[in-house]
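Here's the structure, in structure tokens; my notes come after.
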């Protein structure tokens, strides 16, 4: 595939996958509510929260990829870090939710009973996963890319050779 | 430098693929299905105020509710409890028969407030009585010190007289069994069977309802409990038991009468799992629900009610004594 086609298609496809990964847990909960006869409105709050968060982060991920396409010394570094970030996001956005809601069931039940919106807790946990994924993606990209000092050192060794 | 960077790329790529494979396997196989089958998201408790003692119980009349597997404290459990309270407003009942598994994600003593007191508060405040059949999350299939302590806490906190016992309400005699393996097939089993035989023989009410956690007939994930039919059916037939109520599988299912007895699984108290249909199935649905039962003379009408108030199944029985 031609490079400019990849440059155009890859960021939105990546953003869409990123969005789907954040939305999936809320869809699973909504599916349970629908199957259980809870009524149409039940579970919509979590879907809306994940949609907003997923939409915002998909935008970030899209821009990150666009930016890295321009600054990357090696394009492979961009794809590798994007893959890593997505894996971290997929695991974090779901497993973290499960661990927190399962491990601290009593604490959350108390929160819900005080009228505190559980959707805020859900969004907070997913936002934490998003931040971890975003940071890990950027750190991996930085770690993989040759840095100016190293480039200068490389140029120096090449001259001496 | 090139070598080092290549090594880094290799490591980062390997981590990415391993992470993606782990994500696909863990999420697809376990986490998403778990989110879709558990009830982990907390929800607000019902805040209805009910008219106390609004039900009518007489020699010929009783209304009660049977629900199993309610013990999450999550929003689905709260929705079922809210639907029970709303049903009380329309057609009051004086008894809730709990079909086991009243506590998940921890022990009952710690979670009592979240899995029982909060969801059931409107009914408790209205004076509704609660009776419990021990379930397998309350008592593991093999009794350990920990599970026995759990059972002891449940019996104490709910004022339940024992692992197996009988009660009488209006025209109905209830027989609560401990269906965990040690009590059904273990050394202690014969004591329970002897007790049931004796209690059924002495029962004089028109209606006889046996209540236990593990279903003798089920087309759900756990399925029919092996051995339960062989132990129970001869006795149920001998003493003309009308109805057997069970939980354990997280769905609703009613059988055609089997040797005169109708078996109902009412295990949709907070979670759902899939259910198929078997030769004995008269009605089945994977849904959250509870069973509302209205007894008038020799006629019993049962309704499986979903959280939104709609009816999943309605059935009518004539008492075996009246047939």
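Rule-based calculations on the coordinates, nothing more; no lab input. This one's a predicted model, so the numbers in the text were calculated from it and none came from an experiment. For neighbour counting, all protein chains shown are included, and Cβ atoms are generated from backbone atoms with ideal geometry for every residue, glycine included.
Sort B:298-309, B:212-223 by packing, meaning the average of other beta carbons within 10 Å per residue, with the highest value first.
On the way: B:298-309: 19.5, B:212-223: 23.6.
Answer by packing, highest mean first, reads B:212-223, B:298-309.
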Inset, instruction - Fewest Cβ neighbours within 10 Å first, please rank B:175, B:10 accordingly. - result: B:10, B:175
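Over all directions, the average projected area of the alpha-carbon convex hull for segment B:33-89 comes to how many nm²?
Details: hull surface 19.7 nm².
For segment B:33-89, averaging the hull's shadow over all directions gives 4.9 nm².
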Inset, instruction - State the Cα centre-to-centre distance between segment B:230-248 and segment A:57-85 in whole Å. - result: 65
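Please list A:81-92, A:10-21, B:115-126, B:240-251 highest first by mean number of surrounding beta-carbon atoms within 10 Å per residue. Before the final figure, lay out each step's value.
On the way: A:81-92: 23.8, A:10-21: 18.6, B:115-126: 20.8, B:240-251: 26.8.
Top of the packing list down: B:240-251, A:81-92, B:115-126, A:10-21.
After finding the eigenvalues of the alpha carbon gyration tensor for segment B:70-137, what semi-axes result from the square roots of 5 times each, listed largest first in whole Å?
Output for segment B:70-137: semi-axes of 20, 13, 10 Å.
Grab the DSSP H runs of chain A that are 4 residues or longer, score each as -39,500 (n - 2.57), total them, divide by all residues and round the 222 nm result to the nearest 500 deg cm²/dmol. Write down the numbers at each step before the final one.
Details: 7 runs with 134 residues, N = 161.
Estimated from H runs of four or more residues: -28500 deg cm²/dmol.
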Legend entry - Per-q log10 I(q)/I(0), segment B:148-287, q = 0.10, 0.11, 0.17 Å⁻¹ (Debye; single scatterer per alpha-carbon; no solvent): -0.33, -0.40, -0.98
Inset, instruction - Report, in degrees rounded to the nearest 10, the 0 to 90 angle that the Cα long axis of helix A:118-144 makes with the longest principal axis of chain A. - result: 10
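Order of B:169, A:4, B:292 from fewest to most other C-beta atoms within 10 Å? Let's see the in-between values first.
Details: B:169 21, A:4 8, B:292 25.
Fewest-to-most ranking of B:169, A:4, B:292: A:4, B:169, B:292.
Dividing the convex hull volume of the Cα atoms of segment B:217-281 by its residue count, what figure in Å³ per residue is obtained? Write down the numbers at each step before the final one.
Working: hull volume 4.5 nm³, N = 65.
Convex hull of Cα atoms, per residue: 70 Å³.
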Inset, instruction - Taking chain B as the reference, fit the longest principal axis to its C-alpha atoms, fit the long axis of helix B:228-238 to the helix C-alpha atoms, and give the angle between the two in degrees, 0 to 90, nearest 10. - result: 10
Legend entry - Per-q log10 I(q)/I(0), the protein assembly as shown, q = 0.06, 0.11, 0.13 Å⁻¹ (Debye; single scatterer per alpha-carbon; no solvent): -0.36, -0.88, -1.11
Inset, instruction - Restricting to the protein assembly as shown, compute how many DSSP beta bridges are antiparallel as a %, nearest 5. - result: 65
Legend entry - Inter-chain Cβ neighbour average for residues B:109-120, partner chain, 10 Å: 2
Legend entry - Kirkwood-type radius of segment A:3-160, with distances r between different C-alpha atoms, in Å: 17.6
Inset, instruction - Consider a paramagnetic label point 7 Å from the Cα of residue B:301 along Cα→Cβ; state which residues of segment B:87-104 have an amide N under 12 Å from it. - result: B:91
Inset, instruction - Measure out, as a whole number of angstrom, how far apart the alpha-carbon centroids of segment B:17-62 and segment A:21-46 sit. - result: 12
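Please average, across the residues of A:23-35, the number of beta carbons from any other chain that are within 10 Å of each residue's own beta carbon, and give a whole number.
Details: counts 0, 5, 5, 2, 3, 9, 10, 2, 6, 14, 9, 1, 9.
For this peptide, the per-residue mean of nearby foreign Cβ atoms is 6.
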Legend entry - chain B - mean residue ellipticity at 222 nm from DSSP helices (-39,500 (n - 2.57) per run, n ≥ 4, rounded to 500): -10000 deg cm²/dmol
Inset, instruction - For chain A, find the longest principal axis of its Cα atoms and tell me its angle to the long axis of helix A:75-91, 0 to 90°, nearest 10. - result: 20
Legend entry - When the convex hull of its Cα atoms is projected in every direction, mean area for chain B (nm²): 20.0
Inset, instruction - Could you grab the relative contact order for chain B? Cα pairs under 8 Å, six or more apart, rounded to a whole percent. - result: 18
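Could you list B:281, B:6, B:225 in order of exposure, starting from the residue whose Cβ has the fewest other Cβ atoms within 10 Å? Kindly include the intermediate steps, with their values, before the conclusion.
On the way: B:281 17, B:6 11, B:225 22.
Exposure proxy ranking, most exposed first: B:6, B:281, B:225.
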Inset, instruction - Within a 10 angstrom radius of each residue's Cβ in B:65-78, how many Cβ atoms of other chains show up on average? Whole number is fine. - result: 3
